[in-house]
Amino acid sequence: MREGSSASSDAATVEMIRPLRIGGVRLPSNLILSPMSGITNMAFRRLIRRVNGSAVGLVVSEFISIEGLSRNSLRSHQMMEFHEEERPVSIQVFGAEPEKMRIAAEIVQEKGADIFDINCGCPVPKVVKKGGGAQLMRQIDRLQRILRAVRPVLSIPMTVKIRAGWDQNSRNAVEVAQLVEAEGGAMVAVHGRTRVAGYMGEADWELIACVKESVGIPVVGSGDVRSAEDARRRFLQSGVDGIMIGRGALQNPWIFREIATTLRGGAPPAPTPEAQRRLLLEYAALLREILPEKAMTGKMKQIVAQITKGMRGGARLRASVMAAGTLEEIFERIDAFVPPEGGEGKREAAGGGHPR
Ligand SMILES: Cc1cc2nc3c(=O)[nH]c(=O)nc-3n(C[C@H](O)[C@H](O)[C@H](O)COP(=O)(O)O)c2cc1C
């Protein structure tokens, strides 16, 4: 629903958070965990599902190389693992060869994923040089061949995640989304920045609105949503069917529940320091199932660095955990962290939301 539409904003608010159908898959909510390389591994996705329940409609894997999948690399196959509690779950892959993409699609489907997602947005030189990620937005003949190779072998939905375009002079998200629809794609997700912009500036939600207006399949917007207010504004501005949240979920793993509750008229409580401590321990337990201790240390520091932002005394905990050498030291420092008197459960931002 665009701004200025005839429906009242109250009515729009009531409907903003709703189930979303992608092909034959029904998502319980239209808020989606964005794919993030190095972050949305199985442990993080399970954590997000556990703390948000059905407020998170879909979780998406890190991107996985079709080269790795098609040559049976152990690492690529491990990255494709998911747990039943995550469902619905989407597996995202990247690459440029139609035949390898077809093989990857068959592998992902065979594995039992709910959705197969193709990355057309990755800006990393290593990926685009080989023709994958955002490069596919510049080579739409190739993208078309990929979609045509994949669609016939899939019974699960095929979706595509794109950017605004390659650079300011080639913002072709509308054209690419129309191609995706014409070739049988069931949803397109748009990160409203160009490849050249990387993560600079703001995502362009007006362009996302244009994509929404030009295709009939569901359009999911991505970029800079970090609070319920951001989500409300972007739903109203762009009329998208759903919103993806990436970095905001690392900083505030409860964000989907917070947004869903707020946009349904409720007032979600801010997580207490105790809830944050429990979440960190739960994440560690989930990481332990998939990673050796050394790798876990890095992942724990990664989440602590984000989750402590805006927390009272968070800078102190952050500094102390960053200086820890072992996992045990990290746990000791988390346990030793006592919020300042009167700071229990409060965050620096007002209103119970998560600060930006
Ligand atoms: C560390 C990091 C890794 C990312 N990895 C992927 C990826 O593997 N696949 C993908 O489609 N997008 C990836 N993205 C882009 C995000 O999915 C998302 O579109 C972007 O970060 C904007 O949304 P946000 O502001 O909610 O984070 C990544 C972003 C970040 C910050």
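The values are calculated or read from the model by the stated rules, or taken from the named source; none is laboratory data. Since the structure is predicted, the reported quantities are computational estimates derived from the model, not experimental observations. In this analysis, Cβ positions are derived from the backbone assuming ideal geometry, glycine residues included, and neighbour counts consider all displayed protein chains. Calculation scope for accessible area: heavy atoms of the full protein, side chains included, ligands and nucleic acids excluded. Shrake-Rupley method; radii C 1.70, N 1.55, O 1.52, S 1.80 Å.
From largest to smallest, what semi-axes in whole angstrom does the range 248-300 give when each is the square root of 5 times an eigenvalue of its alpha carbon gyration tensor?
Whole-Å semi-axes of the equivalent ellipsoid: 28, 11, 8.
In whole Hz, what ³J(HN,Hα) sequence does the range 109-126 give by Karplus (6.51, -1.76, 1.60; θ = phi - 60°), x for Gly and Pro?
My calculation for the range 109-126 gives 5, 4, 5, x, 4, 7, 9, 10, 10, 9, 7, 10, x, 5, x, 5, x, 4 Hz in order.
Which net charge results when you count Lys and Arg as +1 and Asp and Glu as -1 among the other residues whose beta-carbon is under 14 Å from that of residue 89?
Summing Lys/Arg as +1 and Asp/Glu as -1 gives 0.
Check residue 22: other-chain or 5+ apart residues with amide H under 5 Å from its amide H, H built from backbone geometry?
It is 27, by chain and number.
If you stretched the chain out fully between residue 302 and residue 282, how much longer would it get, using 0.36 nm times the residue separation minus the C-alpha to C-alpha distance?
5.7 nm
Mind checking which aspartates and glutamates have their C-alpha under 15 Å from residue 129, skipping anything on the same chain fewer than 8 residues away?
The reachable aspartates and glutamates, counting only those whose Cα sits under 15 Å from residue 129, are 67, 97.
Write down Rg/Rh for the range 204-306, rounded to two decimals, with Rg from the C-alpha atoms and Rh from the Kirkwood relation over Cα pairs.
Taking Rg over the Kirkwood Rh, I get 1.08.
Between their Cα atoms, which of 100/212; 212/299; 100/309; 130/309; 100/301 are more than 32 Å away from each other?
Check vs 32 Å cut-off fails for 212/299; 100/309; 130/309; 100/301.
Write down the radius of gyration of the range 133-224 and its Dmax, each obtained from C-alpha positions, in Å.
Answer for the range 133-224, Rg first and Dmax second: 12.5, 39 Å.
In whole Hz, what ³J(HN,Hα) sequence does the range 320-331 give by Karplus (6.51, -1.76, 1.60; θ = phi - 60°), x for Gly and Pro?
Coupling constants for the range 320-331: 5, 6, 4, 8, 6, x, 10, 4, 4, 4, 4, 4 Hz.
Counting DSSP beta bridges in the chain, what percent are antiparallel, to the nearest 5?
Beta bridges within the chain, antiparallel portion: roughly 10 percent.
How much of the accessible area of the range 60-210, probe 1.4 Å, is carbon plus sulfur, in whole percent?
For the range 60-210, the apolar C and S fraction of the accessible surface comes to 48 percent.
Per 0.36 nm of contour for each residue apart, how much would the distance between residue 126 and residue 15 grow if the chain were fully extended, relative to their Cα-Cα spacing?
Here the segment from residue 126 to residue 15 would lengthen by 35.8 nm.
Is it possible to state the helix-based mean residue ellipticity at 222 nm for the chain, with each DSSP H run of 4+ residues giving -39500 (n - 2.57), the sum divided by total residues, to the nearest 500 deg cm²/dmol? What is it?
Value at 222 nm, helices only, nearest 500: -12500 deg cm²/dmol.
Sorted by mean Cβ packing within 10 Å, highest first, what order do the peptides 252-260, 40-48, 133-141, 328-336 take?
Output ranking for 252-260, 40-48, 133-141, 328-336: 252-260, 40-48, 133-141, 328-336.
Which order do the peptides 147-158, 184-195, 285-296 take when ranked by the mean count of other beta-carbon atoms within 10 Å per residue, highest first?
So the order, starting with the most tightly packed, is 184-195, 147-158, 285-296.
Heavy-atom accessible area per residue, the chain, 1.4 Å probe: how many Å²?
41 Å²
Tell me which residues come under 5 Å, amide H to amide H, from residue 159 once H is placed; ignore anything under 5 positions away on its chain.
Amide H neighbours of residue 159, under 5 Å, 5+ apart: 116, 117, 118, 186.
By how many nm would the segment from residue 206 to residue 233 grow when fully extended, if each residue of separation counts as 0.36 nm and the alpha-carbon distance is taken off?
Here the segment from residue 206 to residue 233 would lengthen by 8.5 nm.
Tally up the carbon and sulfur contribution to the accessible surface of the range 260-300 as a whole percent, 1.4 Å probe, everything protein left in place.
Heavy-atom surface of the range 260-300 belonging to carbon and sulfur, 1.4 Å probe: 57 percent.
Can you tell me the Rg and the Dmax, both Å, for the Cα atoms in the chain?
Rg and Dmax of the chain, Cα atoms, are 20.1, 62 Å.
Tell me, rounded to the nearest percent, the portion of alpha carbon pairs in the range 48-151 spaced more than 16 Å apart.
Within the range 48-151, distances greater than 16 Å cover 56 percent of Cα pairs.
Are there trypsin sites (Lys or Arg not before Pro) in the range 52-114 that DSSP marks as loop and that have at most 11 other Cβ atoms within 10 Å, and which are they?
In loop regions of the range 52-114 (DSSP not H, G, I, E or B), the sparsely surrounded trypsin sites (Lys or Arg not before Pro) are 71.
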